[in-house]
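A.B. asks: Dropping a structure here in structure tokens format, bear with me for questions.
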Amino acid sequence: MPLLCSLVETSKASISKDIDRAVKIISQEDLVAIPTETVYGLAGNIFSEKAIRKIFALKQRPFFNPLIVHIHSMAQFISFVSEIPQKAEKLAEHFWPGPLTLVLKKKAIVPDLVTAGKDTVAVRIPNHPLTLELLKKLDFPIAAPSANPFGRISPTSAEHVAGYFDQNLEMVLDGGECQKGIESTIIGFENDEPIIYRLGSISQDEIEKVIGPLKIKNKNESAPDAPGMLSRHYAPKTKTILVEDIQASIQQFSDQRIGLLTFDQDLDHTSIQHKIILSKNADLDESMSKLYAAMHHLDSLDLDIIIAQLFPDVGLGKSINDRLSRATKS
Ligand code: AMP
Ligand code: MG
């Protein structure tokens, strides 16, 4: 019955590299998932209320969580922020295009819906050739929060995005696997002093090499400045725990079907159904780039429990531990 079939058929997000089609869809106030070096984003025109509302609706993201504005040039940067502290300028010059987001006082032109009514705006120039090309073809910036339902694991491949939004999204611009693999590092300014709002794929040490020592902001859960700072976030559906002594935990849960996520350790036990060693050479960059894909994969295996290993608390290990600890909060 072809008629019935066509009635029940639902559209599927097409995964493609067609930038002109992405330009067309975004220009018509709809959304496209875009690749960045951090994670895939759900992108819409910051000046389209329709597009921005659709981002919040698809992600089921609360309106109090502001969005990051993605731009392609310093000229655009200047047109959306009203004050640029010297250290912000230094950071932008050093890290852009790249996984650094700056939160600065906004100009009136930036819509309140994008900034959740705040007088600041979060901005970055992403470093992905397809997305930079897309941004250059648009005469407006795009808001692009991670392309996952609120609280879930961020997508690092086009397939992850399609797995989340297949029926509700026309297109995923396919830029392959994200190189960095976790979200950007967010830096804000209070009384001209820089503060890390969210640790991400640039480590605190790297930031400090450019602008000297800075603090990490403590978050209050009910009024987070950055929702990445909510205590439960980036979470698999499978029960997940984060432990230092992985051997002891395997013993403790030996009656269960275990998925193992380790930094460099290789362990065997009959209860381990699947194990992922993120970096046999104990490389933090490599681990970070593979982290979310590993979590997506383990979460798809219908296991009883995922046991994740705590990383060394240095450099990018701190960012990885931040994501793992939020993924494992109940
Ligand atoms: P996501 O793209 O989903 O990883 O989230 C964007 C991040 O940027 C969130 O953690 C936001 O809270 C943060 N952000 C966006 N705008 C602001 C702002 N004006 N002040 C503080 N944080 C912001
Ligand atoms: Mg997110």
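A.B. asks: Tell me the relative contact order for the range 230-283 as a rounded percent, counting alpha carbon contacts under 8 Å between residues six or more apart.
C.D. replies: Details: 44 pairs, mean separation 14.8, N = 54.
That works out to 27 percent.
A.B. asks: Would you give the gap between the C-alpha center of the range 264-313 and the C-alpha center of the range 55-126, rounded to a whole Å?
C.D. replies: When both Cα centres are located, 33 Å separates them.
A.B. asks: Pop out the carbon and sulfur fraction of the accessible area of the range 120-275 as a percent, whole number, probe 1.4 Å.
C.D. replies: Solvent-exposed carbon and sulfur of the range 120-275 make up 42 percent of the total.
A.B. asks: What accessible area per residue comes out for the chain, rounded to a whole number of Å², with a 1.4 Å probe?
C.D. replies: Computed with neighbouring chains in place, this is 44 Å² per residue.
A.B. asks: Dividing the alpha-carbon Rg of the chain by 2.2 N^0.38 Å yields what? Intermediate results must be reported in sequence, preceding the final value.
C.D. replies: Details: Rg = 20.1 Å, N = 330, 2.2 N^0.38 = 19.9 Å.
Against the empirical 2.2 N^0.38 Å value, I get 1.01 for the chain.
A.B. asks: While we're looking at this one, here's another question. Quick one: which residues, 5 or more positions from Ile276 or on another chain, have an amide H under 5 Å from its amide H? H modelled 1.01 Å from N in the peptide plane, none for Pro or chain starts.
C.D. replies: Excluding prolines and chain starts, which carry no amide H, the hits are Leu260, Leu261, Thr262.
A.B. asks: Further question on the same structure: How long are the semi-axes of the equivalent ellipsoid of the range 77-166, taking √(5λ) for every eigenvalue λ of the Cα gyration tensor, in whole Å from largest down?
C.D. replies: 25, 17, 13
A.B. asks: To continue, here is another question. If you count the DSSP beta bridges with both ends in the range 185-330, what percent of them are antiparallel, to the nearest 5?
C.D. replies: 25
A.B. asks: Also, I was wondering about something else. Once the mean 1/r over all distinct Cα pairs of the range 230-330 is inverted, what Kirkwood radius in angstroms do you read off?
C.D. replies: When all Cα pairs of the range 230-330 are included, the Kirkwood radius is 13.4 Å.
A.B. asks: Which of the aspartates and glutamates could a cross-linker bridge to Lys329, judged by Cα under 15 Å and excluding same-chain residues fewer than eight apart?
C.D. replies: Glu221
A.B. asks: Report, largest value first, the span of the C-alpha coordinates of the range 123-212 along each principal axis, in whole Å.
C.D. replies: Result for the range 123-212: principal-axis Cα extents of 45, 31, 23 Å.
A.B. asks: At most 12 other Cβ atoms within 10 Å and a DSSP loop assignment: could you name the GluC sites (Glu not before Pro) in the range 60-144 that fit?
C.D. replies: Those satisfying the criteria are Glu83.
A.B. asks: Once amide H atoms are placed 1.01 Å from N in the peptide plane, what residues at a sequence separation of 5 or more from Thr101, or on another chain, have their amide H within under 5 Å of its amide H?
C.D. replies: Distant-sequence amide H within range of Thr101: Thr185, Ile186, Ile187.
A.B. asks: Holding the Cα-Cα limit at 29 Å, pick out from Lys17/Lys318; Lys106/Lys209; Lys50/Lys105 the pairs that are longer than that.
C.D. replies: Checking Cα-Cα distances, Lys17/Lys318 exceed 29 Å.
A.B. asks: Sticking with this structure for a sec: So what is the relative contact order of the chain, in percent, for Cα pairs below 8 Å that sit 6 or more residues apart? Walk me through the intermediate numbers first.
C.D. replies: Numbers: 686 pairs, mean separation 64.6, N = 330.
That works out to 20 percent.
A.B. asks: Please work out whether the range 42-106 counts as rounded, prolate or oblate from its C-alpha gyration tensor, where a ≥ b ≥ c are the square roots of the eigenvalues and a/c under 1.5 means rounded, while otherwise a/b larger than b/c means prolate and anything else oblate?
C.D. replies: It comes out prolate by the Cα gyration axes.
A.B. asks: Give me the Kirkwood hydrodynamic radius of the range 1-125, using the inverse of the mean 1/r over all pairs of distinct Cα atoms, in Å to one decimal.
C.D. replies: Taking the inverse mean of 1/r over all distinct Cα pairs, the range 1-125 comes out at 16.3 Å.
The values are calculated or read from the model by the stated rules, or taken from the named source; none is laboratory data. The structure displayed is predicted, hence computed values, not measured ones. Positions of Cβ are generated from backbone atoms using ideal geometry, with glycine treated the same way; all protein chains shown enter the neighbour counts. When the accessible area is computed, the model is the full protein with side chains, heavy atoms only, and any ligands, DNA or RNA have been set aside. Shrake-Rupley method; radii C 1.70, N 1.55, O 1.52, S 1.80 Å.
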